[in-house]
Amino acid sequence: MNLWDLLESSKWLARQGWMMRGIPTAIAETVSQHSWETGLIAYLIASRVNPEECPLNPYKAGMLGLVHDLLEGVLGDIPRYTSLQLGDLKNSLEEKAISELEMEPNLRELLKEWEEGATPESKAARIADSLSTYLQALRYIRSGYNKALEIAETSRRKAIDLARGTCFETVAVQMLSDIERALLRDSKS
């Protein structure tokens, strides 16, 4: 499979967690929609931290957010329970896909960096991944899909846990506050 096939698959592949909670396929967020939002949020997080406290490249954080789920175009969006059960097998499948897919070496390196999660940029992108999921869950809840509450609670908690004790903590908490304020204001309008 080549990069263009991955991009096309990601455009149409609905995220399974939403559909498993009753979100109709027609309005379920796709992998590419989620990745786009994650990339932008990762860029914002990295741009807002104190560069003296946490030197990092906001553009790289944004790119990591954009590509973080690219492999789902070939592996599918594996539900959380299944992913946990697969454990190391899932990691092996991802590593195999990274090595076999036709893509530029710099994209391959970004995917590896995301998987390792060790750089400040990948940590910002991981927080962004959870914030994007939280934001989408709140959108669904606002639209009456209350089964998304479990994902909202889990992703909110994960964003806080990932940021706790890091240079991203203040920014992540502020973004959570901004998201909640915007959605509450939105629902009152």
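The values are calculated or read from the model by the stated rules, or taken from the named source; none is laboratory data. Treat the numbers as computed from the prediction; the structure is a model and nothing was measured. Note that we place each Cβ from the backbone using ideal geometry, even for glycine, and neighbour counts take in every protein chain shown. With ligands, DNA and RNA removed, areas are computed over all heavy atoms of the protein, side chains included. Shrake-Rupley method; radii C 1.70, N 1.55, O 1.52, S 1.80 Å.
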- Message: For the list (1) open to solvent by 50 Å² or more (accessible area, probe 1.4 Å); (2) in contact with a strand residue (DSSP E or B) (Cβ under 8 Å, 6 or more places away or on another chain), I need the number of the one condition that Leu75 fails.
- Response: (2)
- Task: Give the residues of the range 92-106 that are more than 17 Å from the chain's Cα centre (by Cα) and open to solvent by less than 80 Å² (accessible area, probe 1.4 Å), sorted by residue number.
- Result: Ser92, Leu93, Ala97, Ile98, Leu101, Met103
- Query: Could we say that Leu6 is farther than 24 Å from Tyr134 by Cα and surrounded by fewer than 19 Cβ atoms within 10 Å (Cβ to Cβ) here?
  - Reply: no
- Task: Output the number of the condition that Val31 fails; it satisfies all remaining conditions of (1) touching a residue at least 12 places away in the same chain (Cβ under 8 Å); (2) farther than 17 Å from Gly17 by Cα; (3) aliphatic (A, V, I, L, M).
- Result: (2)
- Tell me, please, whether a residue that is of a type in the set (Gly, Ala, Ser) and farther than 17 Å from His34 by Cβ can be found in the range 94-104. yes
- Message: With part of a helix (DSSP H, G or I), open to solvent by 70 Å² or more (accessible area, probe 1.4 Å) and either farther than 27 Å from Ile179 by Cβ or not basic (Lys, Arg) (or both) as the only criterion, which of Leu110, Leu40, Leu44, Leu138 stands out?
- Response: Leu40
- Query: Out of the range 14-27, which residues are crowded, with 19+ Cβ neighbours inside 10 Å and either without any contact (Cβ under 8 Å) to a residue 40 or more places away in the chain or part of a loop (DSSP other than H, G, I, E, B) (or both)?
  - Reply: Arg15, Ile23
- Item | Members of the range 119-132 that are open to solvent by 20 Å² or more (accessible area, probe 1.4 Å), part of a helix (DSSP H, G or I) and of a type outside the set (Lys, Arg) | Pro120, Glu121, Asp129
- Task: Please work out which one of (1) part of a loop (DSSP other than H, G, I, E, B); (2) within 16 Å of Gly17 (Cα to Cα) is the condition Thr154 fails and give its number.
- Result: (1)
- Check Ile179 against each of (1) farther than 28 Å from Ser9 by Cα; (2) open to solvent by 40 Å² or more (accessible area, probe 1.4 Å); (3) in contact (Cβ under 8 Å) with a residue 40 or more places away in the chain; (4) in a helix (DSSP H, G or I) and name the one condition it does not meet. (2)
- Select from the range 76-98 the residues that are without any contact (Cβ under 8 Å) to a residue 40 or more places away in the chain and either in contact with a Lys or Arg (Cβ under 8 Å, 6 or more places away or on another chain) or outside any helix (DSSP H, G or I) (or both) and list them in ascending order. Ser83, Gly87, Ile98
